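The values are calculated or read from the model by the stated rules, or taken from the named source; none is laboratory data. Keep in mind that this is a model prediction, so the values were computed, not measured. Virtual Cβ from ideal backbone geometry, glycine too; neighbours counted across all protein chains shown.
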Amino acid sequence: MAREPRERHRDREERESEFTDKLVHINRVAKVVKGGRRFGFAALVVVGDEKGRVGFGHGKAREVPEAIRKATDAAKRGLIRVPLREGRTLHHDVYGRHGAGKVILRAAPPGTGIIAGGPMRAVFETLGMQDVVAKSLGSSNPYNMVRATFDALKNQDSPRSVAARRNIKVSALQARRRDGGDAEQSAD
């Protein structure tokens, strides 16, 4: 009986260690009170398993480590799964926005690497994406950029889900893609 809690603790540590986290931004915030200002810290963290799951979180506290811990916990609670082509890039180009933050994500051939700026790069690295070209338009606020990137990633569709929605086989869908979409026109 004495071993069971220890094993459970080790299992939880292994589950938590499967995630990598990246600190995207720390902001010092001030609350004005009677005696002056009280300083606190707000942290933005991106967490992922480098296999297609990623999440972001925001935490606020009086001390930096506590804010980062809160943000990491929030990020683990809000993970999303993103379908990747060959485990390295997107299936198709996609656009995302949040507020004034706008992003364009494009699929890239092998060997391209991650061509993206700051907050978006952190998202792609923790997601496990190796080849992508991304452009941020509009706001450079890291919170809006991360949220816009997540908006774009949520709109990502895999061929399997598209084939299921259209009640056709994945192979038929990909054959059309290789033919350049002319399969339907040549049948006429």
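Here are the numbers for the structure shown:
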item	result
Close pairs (7 angstrom Cβ cut-off, 6 or more residues apart or separate chains): closer than 9 Å to Val45 by Cβ in the stretch 59-70, β-branched (Val, Ile, Thr) and surrounded by 15 or more Cβ atoms within 10 Å (Cβ to Cβ) anywhere	Gly59/Ile68; Ile68/Val45
Selection count, the stretch 158-168, where residues are outside any helix (DSSP H, G or I), surrounded by 12 or more Cβ atoms within 10 Å (Cβ to Cβ) and without any contact (Cβ under 8 Å) to a residue 12 or more places away in the chain	1
Hits in the stretch 135-163 - residues which are within 14 Å of the chain's Cα centre (by Cα), of a type outside the set (Asp, Glu) and closer than 20 Å to Leu44 by Cα	Pro142, Tyr143, Asn144, Met145, Val146, Arg147, Ala148, Thr149, Phe150, Ala152, Leu153, Lys154
Answer from Val146, Val133 - the residue that is touching a Pro at 6+ places or on another chain (Cβ under 6 Å) and either within 30 Å of Thr72 (Cα to Cα) or at pLDDT below 85 (or both)	Val146
Filter result (more than 22 Å from Ala152 (Cβ to Cβ) and either at pLDDT 90 or above or polar (S, T, N, Q) (or both)) within the stretch 1-22	Ser17
